[in-house]
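All remarks here apply to the structure that follows.
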Amino acid sequence: MSGSDLFTGTLDILILNSLRAGPMHGYAIGRRLRERSEGVLDVEEGALYPALHRLEGRGLLRASWAKTETGRRAKFYRLTPEGEARLERLSERWRVFSGAVNQVIREAEG
Amino acid sequence: MSFWRGREGYRAEVSEEIAFHLEMRAREFESEGMEREEAWRAALDSFGVPEDIEREVLEMKEHKKNMRPVREIAGSFGQDLRYAARFLVRNRVFTLVAVGTLALGIGATTAIFSLLDAALFREPAVADPQSLVAVYTTSRMGEPRSSTSYPEYLDYRDQTSSLSDLAAVFPLQVSLGDEARGARMLEAVGVTGNFFPILGVEASRGRLLQRSDDMLRAGAPVAVLSHDLWRDHFGSDPAIVGRSIRLNGRAIEVVGVTHERFEGLTLGEGADLWLPMQTGGALRDFPENMWDSRGSRWIARLVGRLSPGAPPDRARSELLALSERLIQEDPTRGTRSITLDPLGSYLLPLGAETSLPRFVWLLMGVVGATLLLACANLANLLLARASARRSEIGIRIAIGAGRGRIVRQLLVESLLLAGSGGVVGLLVALGLLRALGAYELPGGLPISALGGTLDGRMLAAAAVLSAATALLCGLIPALQSTRREVAQGLHRGGGAELRHGGGRLRRALVAVQVSLCFVLLAGSGLFIHSLRSALDADLGFEPHGVIVANFSLGVLGYEPSEVLRFTEELRSRTLAQPGVSAAALANVVPFGPGGFMGTFATVDGYQPGPDEEMRVDQVFTTPGYFESLGIEILAGRDFAPADAEGSSYVAIVSRSMAELYWPGGEALGRTIRPPAAPGAESPGIQVVGIVEDAHWRAIEEDATNFVFLPLAQYPGRFAVMTMAVRTAGDVGALLPTLRGEAQGLDPELSFTLLTTLDEQVGDRLMPQRVGSVLLSGFAALALLLAAVGIVGVVSYTIREQRRAIGVRMALGAGRDRIVRQVVRSMLSPIVIGLSAGLVGTLLLDDAVETFLYGVSPGDPVTYGAIAAGLAFVALLATLVPAREAARVDPMRAMRAE
């Protein structure tokens, strides 16, 4: 697994995971990531959008335009079944992988 | 599905999506209490460049339509360039500092390199300069590159096989008579008839000199004009060939004009005309034995063409062997060794052969160090910036941009920076060359005479330099920031350590900057110190308010008795001018171009030691000499008009001579004797005065034995006469008056030098002056760059560690402790830099020593002061951002991530 694959996976997990709670527009996903991811997406929030569109293009998300609570038109994303399955697989891989990495780092530090 | 709605529809959708995001974000900021406008700006800042994001999304869509790979690369390069340009415009301060740094580094290097190139590497306009050699002989006294006698020249020319031919050259000044404009002094070169054939130079008009021109001593004298003289003085007269001109009062026929590009062989000493040696000798009234005596060494240089295939070394050893054989045959021959310089470039002025290249290389070293410093600074800036952009880069990688793409993007930015730096640097170089034109290099060579210009090769050099800088400074940070992102992104949040790999590299760069800065500061310190000592030195004379004028009467055909009459007349006319308090004529003044005449003396009542050389330098003067120059008369009297031919011989001696030979202080009234002619008794010369010691040839020279003799008692022709005039009035107004008075006495007389003694002394300090000015400039620049570099590193390190600092402060660490910690982290690079700088400076000492006066390299006071000052600036540069860091509110710092 090369470096960039790893991180593609990371961002994918974060996005897909945010949408588990229900459909959300890009801004809300961004805010959620910002709050929960300790600043990974802090520098350029806009970088989120290419990822959303890529996931949409691969059928993991579906997008549709709808009104927000304040009546504004916004593009909402929701998980497709493929997306849910994918999130499941990625999360599992991530847990295994990050556990291993944490193990290694702890050994190196200890 | 939106995918089918077409590109424009899709683009509109993406735009709307982004607009929605921005508006929401702005509202969020507004709800935190920001003004509307400020909130929008903050929203944009945190979003990035909307156009870029939009483009990226659209690209992702179109990616499926399979672009051609080549078009993709070319297209994305254009994108990279646009993106880079936008980034640089957005980060104005960074861009200004980076471009400015590069421009100064590249500009200074290019300017000095073009000087170096002009001084040392430019070829004279002759055929195949690579196979030409300049030959000098070493005299019996051991002076290298001394002159050669005519019979010796003939031996070398006729008995050497590794040289296909050999020409002899000697420079002389001649006065060109012009009824309309008065006399004009010209630089002439006396050459043997084979000179032009050896060089392979063509005539642009008429013919050049040929062998038959210097065969006969009584034949019609001829001359060849330089193209410049023909154009400037004779108005490009088409009928010049065959015309007769007056040189030193004699008619000489012009036979031709040289090719436009031929400016002689010596750098900066453009010759006005060439004469056959015999003609030149006649114009200078050479005694007959000059052509036959091996003791008369008057040929300045020999120029030869190597035989095909003969290396310079073989020619040298052949000449040396020949010289040794000839010495055995005739022990009176003076030559002791041979110097042979391959003539791949212009010859340097006599006396500047070693000092000039050293000086120019020294300058090159200085600017090289500055460029290096600029590069270190730029690398630091790029590193720091790359680290500040780490999360942005991380995201770009995360959304699928390959590492290569990111590296390329960063490199394009560097190239753009370097390109701008290079262009601005060229302007800097042009400005610097213009500003330096007023200065002279060692050997009295004005920088403007080098004609250092930025030609195509300089442009190419600047371009290569910029590109190399960009690659060097851009590649490392680019690779590092992309690699580290992979390794660290995972562990982010836990990375509260004060050390990073990048931090180490950056601190190493700070050490490099500090050490280079130290070297430059130390160098400029030494030069300034040296200049000050030289300016403060007690010269023994008072140069202020003294005009010196050199002229030559011998070349005008004056008999010795006429010389005396002329000088007396000129002196009395000068003394009659308002403001003139003293005037005198002599064969030499301090720091003047004339040579000293040394002789050996015996002193009544003084018994020399077994190996003691009773050598004294003699100066022939009129009354008023010491008053004119401001040399104090310690005892006795000045010369008087009564000290003339026929009256008893008198002399004035220097203090050190009086103290050496008459230590009791009873010099006045004692007798010295010059060496007697064979069979005659030497006349005794009575000492009538003692004057203070003075520096005559150089500021750093020790006092030597001087004896002053009245000109009137030794009628003769001197190669150069000097008039020294002390005035209380306006020097500038008096200069033309003096010229007018002299030409009123003889319209063909012209001053070869008309200047002030101040200037004549000042010219000797040119290397120190140029050194001080340049080095101080570069040192100031270096200090600024180093300070900017340190501030940059510290602020970026702090930015990276805001969270860690916040955590510490939240845990109770005091502000002082944070400041101390930050400062301590910079201490070791500063100390390492200072030590390395000191070592480097000590290694470079040899190179500067030649140019220093009154200060020894390795001067602990200078170095200590510089180290302290530099450490102070460096710590200040650390302290300012460190204190800023400590002012951070711990809670905000933690939340900020």
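Points to keep in mind about this one:
- Checked against (1) loosely packed, with under 13 Cβ neighbours inside 10 Å; (2) at pLDDT 80 or above; (3) touching a Lys or Arg at 6+ places or on another chain (Cβ under 7 Å), B:S581 meets all criteria but (1).
- Cβ separations smaller than 6 Å between residues 6+ apart or across chains give no pair from the stretch A:89-102 residues that are surrounded by 13 or more Cβ atoms within 10 Å (Cβ to Cβ) and of a type in the set (K, R) to residues that are modelled with pLDDT under 80 and assigned to a helix (DSSP H, G or I).
- Residue list for the stretch B:742-754, restricted to those being outside any loop (DSSP other than H, G, I, E, B) and surrounded by fewer than 18 Cβ atoms within 10 Å (Cβ to Cβ): B:Q743, B:G744, B:L745, B:L753, B:L754
- Single residue of the stretch B:1-18 satisfying the filter (assigned to a helix (DSSP H, G or I) and facing another protein chain (nearest Cβ under 10 Å)) that is modelled with the lowest pLDDT: B:S2
- Subset tally (residues that are more than 20 Å from B:E56 (Cα to Cα), within 12 Å of chain B (Cβ to nearest Cβ) and part of a helix (DSSP H, G or I)) for the stretch A:41-89: 0
- Qualifying residue in the stretch B:617-640 (condition: at negative phi, modelled with pLDDT under 90 and part of a loop (DSSP other than H, G, I, E, B)): no
- Among the numbered conditions (1) of a type in the set (G, A, S); (2) more than 17 Å from B:V191 (Cβ to Cβ); (3) buried (at least 20 other Cβ atoms within 10 Å of the Cβ), the only one that B:A223 does not meet is (2).
- Scanning the stretch A:15-27 for residues that are within 11 Å of another protein chain (Cβ to nearest Cβ), modelled with pLDDT under 85 and over 22 Å from B:L44 (Cβ atoms) turns up nothing.
- The residues of the stretch B:601-632 that are over 25 Å from B:P715 (Cβ atoms) and surrounded by fewer than 20 Cβ atoms within 10 Å (Cβ to Cβ), listed by number, are B:D604, B:G605, B:Y606, B:Q607, B:P608, B:G609, B:P610, B:D611, B:E612, B:E613, B:M614, B:E632.
- Residues in the stretch B:33-50 that are open to solvent by 10 Å² or more (accessible area, probe 1.4 Å) and within 13 Å of another protein chain (Cβ to nearest Cβ): B:A42, B:L44, B:D45, B:S46, B:V49, B:P50.
- The stretch B:418-439: number of residues that are within 13 Å of the chain's Cα centre (by Cα) and either crowded, with 19+ Cβ neighbours inside 10 Å or over 17 Å from B:V770 (Cβ atoms) (or both): 3
- Filtering the stretch B:685-702 to residues that are of a type outside the set (D, E), open to solvent by 30 Å² or more (accessible area, probe 1.4 Å) and not in a strand (DSSP E or B) leaves B:H695, B:R697.
- Matching residues in the stretch B:782-807 - criterion: being of a type outside the set (D, E), in contact (Cβ under 8 Å) with a residue 12 or more places away in the chain and open to solvent by 30 Å² or more (accessible area, probe 1.4 Å): B:L783, B:V788, B:V791, B:S795, B:Y796, B:R799, B:R802, B:R803, B:V807
- Residue check for A:R32: modelled with pLDDT under 90 and either more than 12 Å from chain B (Cβ to nearest Cβ) or touching a helix residue (DSSP H, G or I) at 6+ places or on another chain (Cβ under 6 Å) (or both): yes
- Residue list for the stretch B:536-592, restricted to those being more than 19 Å from B:I633 (Cα to Cα), in contact with a Phe, Trp or Tyr (Cβ under 7 Å, 6 or more places away or on another chain) and assigned to a loop (DSSP other than H, G, I, E, B): B:L553, B:Y558, B:N587
- Only residues that are open to solvent by 40 Å² or more (accessible area, probe 1.4 Å), hydroxyl-bearing (S, T, Y) and either modelled with pLDDT of 85 or more or over 25 Å from B:A642 (Cβ atoms) (or both) were counted in the stretch B:703-741, giving 2.
- The condition of being modelled with pLDDT under 70, crowded, with 18+ Cβ neighbours inside 10 Å and more than 13 Å from the chain's Cα centre (by Cα) holds for only one of B:A369, B:A386, that being B:A386.
The values are calculated or read from the model by the stated rules, or taken from the named source; none is laboratory data. Because the structure is predicted, anything quoted here is derived from the model rather than measured. So basically every Cβ, Gly included, is an ideal-geometry build from the backbone, and we count neighbours across all protein chains shown. Accessible surface is based on the protein model in full, side chains and every heavy atom, while ligands, DNA and RNA are left aside. Shrake-Rupley method; radii C 1.70, N 1.55, O 1.52, S 1.80 Å.
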